[in-house]
1. So the check is Cβ under 6 Å with 6+ separation or different chains; which pairs have a first residue in the range 71-82 that's within 30 Å of Thr101 (Cβ to Cβ) and in contact (Cβ under 8 Å) with a residue 12 or more places away in the chain and a second one that's small (Gly, Ala, Ser) and in a strand (DSSP E or B)?
2. Kindly check whether there is at least one residue in the range 75-92 that is touching a helix residue (DSSP H, G or I) at 6+ places or on another chain (Cβ under 8 Å), surrounded by fewer than 14 Cβ atoms within 10 Å (Cβ to Cβ), at pLDDT 95 or above and part of a strand (DSSP E or B).
3. Kindly list, by first and then second residue, each pair from a residue in the range 88-110 that is farther than 12 Å from Ala68 by Cα to a residue that is among the charged types (D, E, K, R) and surrounded by 15 or more Cβ atoms within 10 Å (Cβ to Cβ), limited to pairs with Cβ atoms under 7 Å and residues at least 6 apart or on different chains.
4. (1) under 19 Å from Ala13 (Cβ atoms); (2) surrounded by 13 or more Cβ atoms within 10 Å (Cβ to Cβ); (3) in contact with a Ser or Thr (Cβ under 9 Å, 6 or more places away or on another chain): which one isn't true of Arg54, the others all being true?
5. Does the range 27-44 hold any residues that are surrounded by 13 or more Cβ atoms within 10 Å (Cβ to Cβ) and assigned to a loop (DSSP other than H, G, I, E, B), and which are they?
6. Taking into account only those residues within the range 45-70 that are among the aliphatic types (A, V, I, L, M) and part of a loop (DSSP other than H, G, I, E, B), which is farthest from the chain's Cα centre (by Cα)?
7. Return the residues of the range 61-74 that are of a type outside the set (Lys, Arg) and either touching a strand residue (DSSP E or B) at 6+ places or on another chain (Cβ under 8 Å) or at pLDDT 95 or above (or both); say none if nothing qualifies.
8. Out of (1) closer than 20 Å to Arg90 by Cβ; (2) touching a Gly at 6+ places or on another chain (Cβ under 9 Å); (3) touching a residue at least 40 places away in the same chain (Cβ under 8 Å); (4) not hydroxyl-bearing (Ser, Thr, Tyr), the odd one out for Ala34 is which?
Amino acid sequence: MTPDQQAVLEANAAFYTALNRGSLEAMTDIWFPADWAECVHPGWTAIRGWEAIRESWRLIFDGTARVAIAATDVRVRIIGDVAWASCLERIASADDDQIQTSLAHATNLFVRHDGQWRMVVHHASIVPHLTPHVSAESTLVN
């Protein structure tokens, strides 16, 4: 792994740490404050511009549900000063006495600015839960 790939992995991990901590300050440090930045939360339409993206994170962090997201199967690609990390998000949320889990695929795009990798795009889409088809003749064996 190259030093740049490691730096992008660290930037991606910092994003998920900020997300899990509900830290708007840390999220502000990670994102590049551009009017062309873009964010698509699972189930939401595209949000464009850092100010609107920041407000979306504030709304999420101020919500009543507690959320934990683990990024797995992270893959990094770099071309010049642009990098992206794709991953599977394992999401658990708790509200009152119920816990719900889901999966999302995410792509996080970073640009190198002043020697730091800063996020400019986060796009996460829920992976639908599909129940495998089991025919009447099928049996499960342990």
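The values are calculated or read from the model by the stated rules, or taken from the named source; none is laboratory data. Bear in mind the structure is a predicted one, so any value in this text is a computation, not a measurement. As a convention, Cβ positions derive from the backbone with ideal geometry for all residues, glycine included, and neighbour counts pool all protein chains shown.
1. Matching pairs, first to second residue: Val74/Ala85; Arg75/Ser86; Val76/Ala85.
2. Among the residues of the range 75-92, not one is touching a helix residue (DSSP H, G or I) at 6+ places or on another chain (Cβ under 8 Å), surrounded by fewer than 14 Cβ atoms within 10 Å (Cβ to Cβ), at pLDDT 95 or above and part of a strand (DSSP E or B), which makes the answer no.
3. Within 7 Å, the pairs are Ala104/Glu89; Ala106/Glu89; Phe110/Arg118.
4. All conditions are met except number (1).
5. Listed by number, the residues that qualify are Phe32, Pro33, Ala34, Ala37, His41, Pro42.
6. Ala65
7. Those that are of a type outside the set (Lys, Arg) and either touching a strand residue (DSSP E or B) at 6+ places or on another chain (Cβ under 8 Å) or at pLDDT 95 or above (or both): Thr64, Ala65, Val67, Ala68, Ile69, Ala70, Ala71, Thr72, Asp73, Val74.
8. (1)
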